[in-house]
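The values are calculated or read from the model by the stated rules, or taken from the named source; none is laboratory data. Model, not experiment: these values are computed from the prediction. No Cβ is skipped: glycine too gets one built from the backbone with ideal geometry, and neighbour counts run over all protein chains shown. All accessible areas refer to the heavy atoms of the entire protein, side chains included, with ligands and DNA or RNA removed. Shrake-Rupley method; radii C 1.70, N 1.55, O 1.52, S 1.80 Å.
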Amino acid sequence: MPSLTSGRFAAANSRAISTTLALKALALRLRSSQHLLARTLSIPFAAFYRAISLYVIGFDIPTSVTVGRRLVIHHGMGLVINDRVVLEDDVILRQNTTIGSVSSAEEAPYLEEGVDVGANVVILGPIRIGRGAIIGAGSVVIRNVPAGATVVGNPARVVSGSGGIG
């Protein structure tokens, strides 16, 4: 029997997450169709995606989240993302991460290309995380992060890279 850290388990987890995100894409494509039948079919696909992602895999990424290409989710349990978040290409997310807004009327974070988010991170508010930024594990980010910066702490502060948090 493989251990939880073996390559076979990690590959199976990766396939499950990829399949779940494919269900999300299919539900979105059907929902945006001009045909009534396709829009009607989107309802069970969206419900199935929601059930699988939330109750089986353990992450909450609504179908309305804008997700770029090559999103990587390591150990997806406990991942919660607001429905207005934008994730550009090559973003890496880890377990127990929350990305959202402080209130329902507020805009949500925007993560630019190549952002690497550590475990147990909270990113809140109408902020922008710059291209290639690294968010250290356990950080609470409530201000913009410049491109290429590494931030850690609560509240997050720049420890290397460009400039200060704005």
**OP:** Return a yes/no flag: does region 104-125 have any residue that is crowded, with 17+ Cβ neighbours inside 10 Å and more than 24 Å from Gly161 (Cβ to Cβ).
**Re:** no
**OP:** With the condition kept exactly as written, say whether any residue in region 63-75 is more than 21 Å from Gly136 (Cβ to Cβ), at pLDDT below 75 and either small (Gly, Ala, Ser) or not in a helix (DSSP H, G or I) (or both).
**Re:** yes
Original post:
Within the group Ile99, Ile135, which residue is without any contact (Cβ under 8 Å) to a residue 60 or more places away in the chain and out of contact with any Gly (no Cβ under 9 Å at 6 or more places or on another chain)?
Top reply: Ile99
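Against the definition (under 20 Å from Leu79 (Cα atoms), surrounded by 18 or more Cβ atoms within 10 Å (Cβ to Cβ) and at pLDDT 95 or above), how does Val151 come out, yes or no? Let's see the steps before the verdict.
Working: under 20 Å from Leu79 (Cα atoms): yes; surrounded by 18 or more Cβ atoms within 10 Å (Cβ to Cβ): yes; at pLDDT 95 or above: yes.
In short, yes.
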**OP:** Scan region 80-100 and give yes if some residue there is open to solvent by 50 Å² or more (accessible area, probe 1.4 Å), assigned to a strand (DSSP E or B), among the aliphatic types (A, V, I, L, M) and farther than 14 Å from Val151 by Cβ, otherwise no.
**Re:** yes
